[in-house]
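Please read the structure below before turning to the comments.
What follows is calculated from the coordinates using simple rules that are stated; it is not laboratory data. Treat the numbers as computed from the prediction; the structure is a model and nothing was measured. In this analysis, Cβ positions are derived from the backbone assuming ideal geometry, glycine residues included, and neighbour counts consider all displayed protein chains.
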Amino acid sequence: MKIDCRQISKRFQTKNGIIHALSNISFKTNEQEFLCILGPSGCGKTTLLRIIAGILQPTEGKVIYEGVKDNNKPATALVFQEHGVFPWINVIDNVCFGLETQKISRKDRYGMAMPLIEKMHLAGFTKNYPHQLSSGMKQRVGLARAFVSGAEILLMDEPFASLDAQMRVILQEELLNIQREYRKSVIYITHDIEEAITLADRIILMTARPGQIKQEINVNLSRPRNVNGEHASEFISMRNEIWRQIKEEVDKTTAPLS
Ligand SMILES: Nc1ncnc2c1ncn2[C@@H]1O[C@H](COP(=O)(O)OP(=O)(O)O)[C@@H](O)[C@H]1O
Ligand SMILES: [Mg+2]
């Protein structure tokens, strides 16, 4: 399945006037692609993801879900930065959340969830509640749920932004492994340049608000990728080039009015 965004624009009407959040965004995902959408804070990334998820209507343009294989399964599943797990539900039922509405029995739900729970190192915690988990484990619950949902395209909005640096690296690696294994496409939002280079097959770089596509970058470095790895110099020069472009955008928003 592919997502085809066609000329998406979004304006919000507020009591202080119109906020132009997105302008003429067009792109298409590839099968099993890890696509990162990278841009400065406030450029409209979350708005774009909500439009792709179908929970917000664009002012102009449309999102086409191409080649949907199974209408009984959700086309997309969302993973948020925080508050993605329900505090009153234990781990296994959090992971299964969504399957109930697909009329899958409890026994089958648990059967589907357990392999993901094991992969996400949550096997000893199935009956625990979110307040008993670290933030890294809560994000693992959110990831497991997205993979269990059966959605072909996973939408992630800065899921690791609030984690410490070590945990972020560990979860990035686990996410890449599981994405390969389950052959999902991911649209992953981030404002973190290194995270985008580490994860992405392709990066879509956005301008400052109203968010437009500034550039598309194919990341062809072998994995695992990091600033100390085999391709350190390519990694660093890509990071510096993207930083230069993002700074251009940030400077636009902070330039003194003339
Ligand atoms: N529901 C809304 N009503 C009014 N303005 C909104 C709404 N949602 C987002 N915005 C505005 O749209 C712009 C883009 O927001 P957002 O998509 O959250 O950016 P990002 O995720 O890139 O930080 C911001 O200026 C934000 O204040
Ligand atoms: Mg956001």
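Here are the numbers for this structure:
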read-out	value
For the chain, fraction of C-alpha pairs farther apart than 23 Å, in %	53
Cβ charges +1 (Lys, Arg) and -1 (Asp, Glu), total dipole of the stretch 83-159, debye	280
Within the chain, helix-based [θ] at 222 nm, where runs of 4 or more DSSP H residues each add -39,500 (n - 2.57), nearest 500	-11000 deg cm²/dmol
Neighbour-limited loop hits for trypsin sites (Lys or Arg not before Pro), the stretch 159-258 (at most 10 other Cβ within 10 Å; DSSP other than H, G, I, E, B)	183
Label-point gap, in nm, between residue 164 and residue 183 - each point 7 angstrom along Cα→Cβ	3.9
Proximal aspartates and glutamates to residue 184, defined as alpha-carbon separation beneath 17 angstrom and excluding residues fewer than eight positions away on the same chain	4, 31, 33, 66, 70, 152, 157, 173, 174, 201
Restricting the stretch 87-135 to trypsin sites (Lys or Arg not before Pro) in coil, as DSSP defines it, with at most 10 other Cβ within 10 Å	103, 127
Whole-Å semi-axes of the ellipsoid equivalent to the stretch 8-83 (Cα gyration tensor, √5λ, descending)	24, 15, 13
Ranking of 155, 48 by count of other Cβ atoms within 10 Å, fewest first	155, 48
The stretch 85-132: chymotrypsin sites (Phe, Trp or Tyr not before Pro) falling in loop per DSSP and having at most 10 other Cβ within 10 Å	88
Label point distance in nm, residue 60-residue 16, each placed 7 Å from Cα along Cα→Cβ	2.5
Amide N of the stretch 25-44 lying under 14 Å from the label point, which is placed 7 angstrom from the Cα of residue 252 along Cα→Cβ	25, 39-44
Largest to smallest principal axis extent of the C-alpha atoms in the stretch 83-149, angstrom	31, 21, 18
Inter-centroid distance (Cα atoms) of the stretch 38-117 relative to the stretch 1-29, Å	20
Size descriptor, Kirkwood hydrodynamic radius, that averages inverse alpha-carbon separations across the stretch 193-258, Å	12.8
Ratio Rg/Rh, restricted to the stretch 139-258 and using Cα atoms, in which Rh is the Kirkwood radius	1.00
